[in-house]
Amino acid sequence: DHGDCDDAQPFVNPDAVEVRETDDGQPEGVDNDCDNMTDEEEPACEGASSGSDAYSYAGAIGLCERIASARFEAPTDLRARRIVSEFGAVYTPRQGEEMIAISTGIAADENDSGFKDPENGTDFGYGNVHMHPDPGPAMGCGDADPAEVNDYAELRLELQVPTNAQSFSFDFNFMSSEYPEFVCTTFNDTFVALLESGAFKGNVSFDAMGNPVSINVAFFTVCYPPPGIPSACNGDDDLAGTGYDDAVGGGTGWLTTTSPIVPGEKMVLRFIIFDEGDHILDSTVLIDNFRWHLKAVEVPTTEG
């Protein structure tokens with residue numbers, strides 16, 4: 001039985017992940033991974049995020065194990081990514097002590113070395129190197145998106161899914177200096193999380209209308225209301241110190257994406273941010289708190 005401690009339960013075996021959440025549909029006290037312990041904490045990413053390689057970035061979002069490969073896709077600029085313990089005056093990690101920032105410009109807040117005002121932006125000098133990885137809807141604001149993109153940055157993770165995990169989730173927070181003046185134009189920075197799984201293939205982070213995350217998305221509510229323009233903005237206090245406050249930008253606040261997967265498979269998850277239509281007016285996405293779930297879901301969802 002290769003160490004299987006409960007033949008009657010298909011999701012209990014040595015290759016499973018220990019799950020403590022009772023809302024995942026299991027009672028407390030189950031030894032999911034057959035290590036003679038129950039409901040123990042996941043292994044800490046001790047030292048996993050101490051470097052600058054892609055594996056360190058995986059550790060910073062809570063992925064310490066089950067990483068088949070991790071890499072940054074080229075071309076990309078080293079300044080477009082950073083492991084951080086805070087971003088601005090308000091945003092802190094959702095788990096652990098670190099999270100990651102990936103940007104179309106300099107991945108830094110106003111207190112970090114190398115910070116550059118995202119409203120002025122940073123041109124990394126490369127563009128039109130990738131086709132749009134996940135075109136938006138064929139109607140509305142999405143039909144203005146160009147077919148090619150600039151200042152592209154990607155973290156690609158290949159993960160071995162635990163044999164009891166039927167879904168996963170992660171938290172992200174997208175900010176852009178292109179709001180509000182470039183809403184529904186060709187100048188539109190975008191964040192997508194592309195999944196390759198037997199359960200789903202495509203972008204898993206989108207709003208109820210299927211829009212990928214950009215300044216056109218329904219979640220874009222952390223912002224200063226434009227004068228005289230009806231808006232869903234709720235104020236920009238949370239953006240203090242990020243470089244995206246003071247009526248020169250906005251953001252989504254923290255959101256959570258959850259997606260189905262197949263237990264035991266190898267999945268690929270690609271975190272991508274890029275500029276559209278120009279090289280300036282930068283955007284940044286914070287990513288953290290990756291976790292596996294026993295609970296099955298039918299389709300990807302993103303919620304606040």
Difference of contour (0.36 nm per residue) and Cα-Cα distance, Thr186 to Ser69: 38.7 nm
Two-decimal log10 I(q)/I(0) for the range 191-271, as the Debye equation yields it once each C-alpha is a single scatterer, q = 0.12, 0.18, 0.24 Å⁻¹: -0.46, -0.79, -1.09
Under 5 Å, built H, 5+ apart or other chain: amide partners of Phe206: Thr302
Glu110 accessible area, 1.4 Å probe, all protein chains in place, Å² to nearest 10: 90 Å²
Calculated from backbone phi, Karplus (6.51, -1.76, 1.60) coupling profile of the range 268-284 in Hz, x at Gly/Pro: 10, 10, 10, 8, 10, 9, 7, 9, 10, x, 7, 10, 10, 6, 7, 9, 9
Rounded accessible area of Ile83 (nearest 10 Å², 1.4 Å probe): 40 Å²
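By how many nm would the segment from Lys266 to Ala89 lengthen if fully extended, with 0.36 nm per residue of separation less the alpha-carbon distance? Present the calculation step by step, with values, prior to reporting the outcome.
Details: separation 177, 0.36 × 177 = 63.72 nm, distance 3.79 nm.
Length gained, Lys266 through Ala89: 59.9 nm.
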In order through the range 90-101: 3J(HN,Hα) via Karplus (6.51 cos²θ - 1.76 cosθ + 1.60), integer Hz, x for Gly, Pro: 10, 7, 10, x, 7, 8, x, 10, 9, 9, 10, 10
Apportionment of accessible area to carbon and sulfur, the range 179-304, percent (1.4 Å): 56 percent
Heavy-atom accessible area ranking, 1.4 Å probe, most first, across Asp275, Asp238, Asp112: Asp238, Asp112, Asp275
Alpha carbon centroid spacing (whole Å) that separates the range 228-272 from the range 60-94: 15 Å
For the range 82-89, Karplus couplings with θ = phi - 60° (6.51, -1.76, 1.60), whole Hz, Gly/Pro x: 6, 8, 10, 9, 6, 9, x, 8
Computed accessible area, Tyr179, all protein chains, 1.4 angstrom probe, square angstrom: 20 Å²
Geometric extent, Cα atoms of the range 233-291 - Rg, Dmax (angstrom): 15.7, 47
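Would you please give the FRET efficiency between Val299 and Asp117, computed as 1/(1 + (r/R0)^6) with r the Cβ-Cβ distance and R0 = 30 Å, to the nearest 0.05? Write down the numbers at each step before the final one.
Numbers: r = 39 Å, r/R0 = 1.29.
With R0 = 30 Å, the Cβ-Cβ based efficiency is 0.20.
Applying 1/(1 + (r/R0)^6) with R0 = 35 Å to the Cβ-Cβ distance of Ala240 and Ser52, what FRET efficiency is obtained, to the nearest 0.05? Mind dumping the intermediate values first?
Working: r = 28 Å, r/R0 = 0.79.
After rounding, the FRET efficiency stands at 0.80.
The values are calculated or read from the model by the stated rules, or taken from the named source; none is laboratory data. No experiment lies behind these values; they were computed from the predicted model shown. Cβ: placed from backbone, ideal geometry, glycine included. Neighbour counts: every protein chain shown. Please note that ligands, DNA and RNA were not included when accessible areas were found on the heavy atoms of the full protein model with its side chains. Shrake-Rupley method; radii C 1.70, N 1.55, O 1.52, S 1.80 Å.
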